[in-house]
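What follows is calculated from the coordinates using simple rules that are stated; it is not laboratory data. Computed from a prediction, not measured in an experiment: that's the story for all the values here. Glycine gets a Cβ as well: all are built from the backbone with ideal geometry, and neighbour counts include every protein chain shown.
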Amino acid sequence: MSPITTWARRLAADRRGATAFVFAAFTPVLLGAGALAVDMAHYRFVDNRLQSAADSAALAGVKALDDPAVALSDAVEFAQRNVPDNYGTVTTAADVTIGVYNPVAGSFTPGGGAAANAVRVTAERSQDRGNAAPRILSAIFDLGEVRIAATAIAARELQSVQYEPPEKQDLDSEAGDFNEVYAYCYAYEGTGSPASRRSQMTLIANNMPAGQNIITISGGVIKAVPAVPVAWPECAKDESLSFRLRNIRHAKSIPDLWKNPNKAPKRPEHNFYTDTVIADGAETFNLSANILETVRCDSLDACDPSKPGSAIPKGKNRTPTLEDQPCLPGKFMYFGWEDRPPGQAGKSATWTDPAWTDRDYDDIRLVMRCPRAGILGDGMSRLVG
């Protein structure tokens, strides 16, 4: 083998300096990736701040929508309040649009005049505005300026301020009757029959002990049990969260009545609807019978009859109280139901008689937290886009 051939093979096999060569070749790629990662993280941070600013601005604008000029100025002001000073002017009056939001189609249309119910706001940082987000490493590679913008739409009074799911609920499992409680929305400003104005009828509780399935026990006469968690109704403006008590006599203690409803003492069914009307935050219940007691409490314990100092009345054969004060933030409202109305015709010697009732108003107890902001029935604006 010639000396030249031997030298050539040694040179090909020699790896000394290869790492330096590879590192040198890939250094621009690594720096570029690092620049992109650093700047992208910064841009995401800026985008989040702009979205918060746009959200706040849209909500502020929609609250002042009765005066479009004020709505525009409030939106611009709140956008600037929610970004640092070094962001410059992120929102101008040209970035605020008043229009109509269609909740069914989920669409926003600019304009609308008196029908306008929504505000759209954009918050932006860009080179054209002179407030572009600074580039950190990517400027080295001249990757170009970046426009960062966020948009929000807020619509007014799409929902009514209402109760949240109960803080506590207690249905007397020792009662002889089978009872269910439903929550629903009632269009108290609407027209038509009461039944036509009830929607989102939702079963929230029954008085069966744990482990007993009423669907099986009733042989399918009762077709549902409360879902866990309950899909709580969401009422629109001019709708109230209302309650329905379904009372099926005798069947809980005499389960044979599920198969034989005409067997003594029979299995009549009664339904009672509050069809609640709200005025200035106070509720009026349009019940067909005197079966409900309500009390406003300063604390959750004050709404618990078993706690010392409870505000809840006790005793049998009494007239229930009805709260006439609005349910204010920080307070609680107690609902105590009597499942058998007083004043019914017929005998009343024992619990199987049609007119028997103990009028203690504790067969079903619900404790509701008052709205955390506003009062019942207020229109509630919210972000929709």
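Data for the structure
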item	result
27 Å Cα cut-off, lysine pairs counted over the chain (separation 8 or more, or different chains)	29
Whole-angstrom gap from region 256-322 to region 159-202, using each part's C-alpha centre	12 Å
Gyration tensor (Cα) of region 64-154, equivalent ellipsoid semi-axes in angstrom	31, 15, 9
In region 349-385, the chymotrypsin sites (Phe, Trp or Tyr not before Pro) that fall in loop regions by DSSP, at most 11 other Cβ within 10 Å	none
For residue 370, residues with placed amide H under 5 Å, excluding near neighbours	330, 331, 332, 333
GNM result for the chain, Cα springs below 10 Å: residue of 45, 285, 78 fluctuating most strongly	45
Base-10 log of normalised Debye intensity for region 159-263 (one unit scatterer per alpha-carbon) at q = 0.20, 0.23 Å⁻¹	-1.03, -1.19
Among 161, 221, 62: highest mean-square fluctuation, GNM of the chain, C-alpha pairs under 10 Å	221
Acute angle (nearest 10 degrees) that the helix 18-63 long axis makes with the longest principal axis of the chain, alpha-carbon atoms	40 degrees
Region 65-198: relative contact order in percent, alpha carbon pairs under 8 Å with at least 6 residues between	17 percent
Estimated 222 nm signal from helices in the chain, with DSSP H stretches of n ≥ 4 weighted -39500 (n - 2.57), rounded to 500	-6500 deg cm²/dmol
In degrees, nearest ten, helix 68-81 long axis to first principal axis of the chain (Cα)	60 degrees
Ratio Rg/Rh [Cα only; Rh per Kirkwood] for region 168-381	0.96
Loop GluC sites (Glu not before Pro), region 285-363 (other Cβ atoms within 10 Å of the site Cβ: 16 or fewer; DSSP)	323
The chain: relative contact order in percent, alpha carbon pairs under 8 Å with at least 6 residues between	16 percent
Value of relative contact order over region 168-381, rounded to a whole percent, pairs C-alpha under 8 Å and six or more apart	21 percent
For the chain, built as a Gaussian network whose Cα springs stay under 10 Å, the top-fluctuating residue of 302, 64, 224	224
Cα-based shape type of region 250-313, given that a ≥ b ≥ c are square roots of the gyration tensor eigenvalues and the cut on a/c is 1.5	oblate
In Hz, Karplus ³J(HN,Hα) per residue of region 278-290 (6.51, -1.76, 1.60; θ = phi - 60°; x = Gly, Pro)	10, 9, 6, x, 9, 9, 10, 9, 8, 7, 7, 8, 7
Cα-derived Rg to Rh of the chain, Kirkwood definition	1.26
Region 146-178: trypsin sites (Lys or Arg not before Pro) falling in loop per DSSP and having at most 15 other Cβ within 10 Å	147
With Cα atoms, 0 to 90° folded angle of helix 3-13 axis to the chain main axis	20 degrees
